[in-house]
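**Q** Can you keep this structure in mind? I'll have questions shortly.
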Amino acid sequence: MKRILFVFVVASLFVVPSEAREAKSATRAKRVSRNDSVSSSLLAQAPGLRAEVLRLALDAVQSASERGLVRRRDVLTVIDYSLPSSQPRLFVFDLAARKLLFRELVAHGKNSGGDRTTFFSNSHGSLATSLGLFVTEDTYVGGNGYSLRLRGLEEGFNDSAWDRLIVMHGAGYVSREAVKALGRLGRSWGCPAVRKEIAAKVINTVRGGSAVFAYYPEKSWLSSSKFFHRKPRSVVASREESR
């Protein structure tokens, strides 16, 4: 009898973790399926935004929300810095309604490149853009007018944003006129600056704890971010090529 009981106890030690893994796997599969469904609906409304970028953004927001880092889950802002500044590359989505709210021009930092971004930094005084997942905080009126504070959630990549005063604000150098004159937008000191005419509307839509996902195919960030449930395809592909 004791031997039977011992065997049962030992067997249960393996069964319980197995069941837990299966439940976790099922939950992850449901999350992936839901995100893919939302992604398909939103992409049809957002010309220029690639499926992989939006998939990563949804994945990162889901992960951050589960940790209590994102208070507002109804709105998501995606900035694709792999696109040139002369093209709309800031997208704001209403996730509940599965609707695109804004598709806008957005500037990058002075030292991050010309029309295209080539350099990113988390360092003070770099005058460069930072990558990764941010959360919106409070608003204020400063030297650039009505502005929105951003808190970086990714250690080593954007967690200095608050102290660097990286904020969303309006700027005269973000316009179609600037593109016509310069071939690109003007540049900020690292802030995601938008058109003055639309700044207040965008800020009021996303303020108060929503996610801002700033993307570029930078391998060190993509491979080390703690917010991706699934490894980015670009990272997986590069690893397979190196074998």
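**Q** Name every residue in segment 124-139 that is closer than 16 Å to I203 by Cα and polar (S, T, N, Q), in order of residue number.
**A** Residues satisfying the conditions are T136, T139.
**Q** Something else: Can you tell me which residue is surrounded by the most Cβ atoms within 10 Å (Cβ to Cβ) among those in segment 140-183 that are more than 23 Å from A200 (Cα to Cα) and charged (D, E, K, R)?
**A** Across segment 140-183, the extreme among qualifying residues is E154.
**Q** Would you kindly identify the helices (runs of 4 or more DSSP H) lying entirely within segment 145-227 that contain at least 1 residues that are closer than 21 Å to V75 by Cα and free of Cβ contacts under 8 Å to residues at least 60 places away in the same chain?
**A** Correct list: 161-164, 196-206.
**Q** Only one residue in G113, G132 is within 16 Å of the chain's Cα centre (by Cα), buried (at least 19 other Cβ atoms within 10 Å of the Cβ) and at positive phi, so which one is that?
**A** None of the other options fit; the residue is G132.
**Q** Let me ask something else about it. Among the listed residues A57, A64, A46, which satisfies the condition of being at pLDDT 95 or above, closer than 30 Å to T117 by Cβ, outside any helix (DSSP H, G or I) and among the small types (G, A, S)?
**A** That would be A46, the only listed residue that is at pLDDT 95 or above, closer than 30 Å to T117 by Cβ, outside any helix (DSSP H, G or I) and among the small types (G, A, S).
**Q** Also, quick follow-up: Quick check on my filter: what residues within segment 121-147 are of a type in the set (A, V, I, L, M, F, W, C), over 20 Å from G186 (Cα atoms) and touching an Asp or Glu at 6+ places or on another chain (Cβ under 7 Å)?
**A** L133
**Q** Quickly run through segment 80-136 and pick out the residues that are in a strand (DSSP E or B), more than 12 Å from P192 (Cβ to Cβ), in contact with a helix residue (DSSP H, G or I) (Cβ under 9 Å, 6 or more places away or on another chain) and of a type in the set (D, E, K, R).
**A** D94, K99, listed by residue number.
**Q** Considering (1) over 27 Å from G172 (Cβ atoms); (2) among the hydroxyl-bearing types (S, T, Y); (3) surrounded by fewer than 18 Cβ atoms within 10 Å (Cβ to Cβ), say which one S63 fails and leave the rest.
**A** Looking at each condition in turn, S63 falls short on (3).
**Q** Based on this model, can you work out whether G68 counts as of a type in the set (G, A, S), surrounded by fewer than 21 Cβ atoms within 10 Å (Cβ to Cβ) and in contact with a Pro (Cβ under 8 Å, 6 or more places away or on another chain)?
**A** No, not satisfied.
The values are calculated or read from the model by the stated rules, or taken from the named source; none is laboratory data. Because the structure is a prediction, the values reported are computed rather than measured. Positions of Cβ are generated from backbone atoms using ideal geometry, with glycine treated the same way; all protein chains shown enter the neighbour counts.
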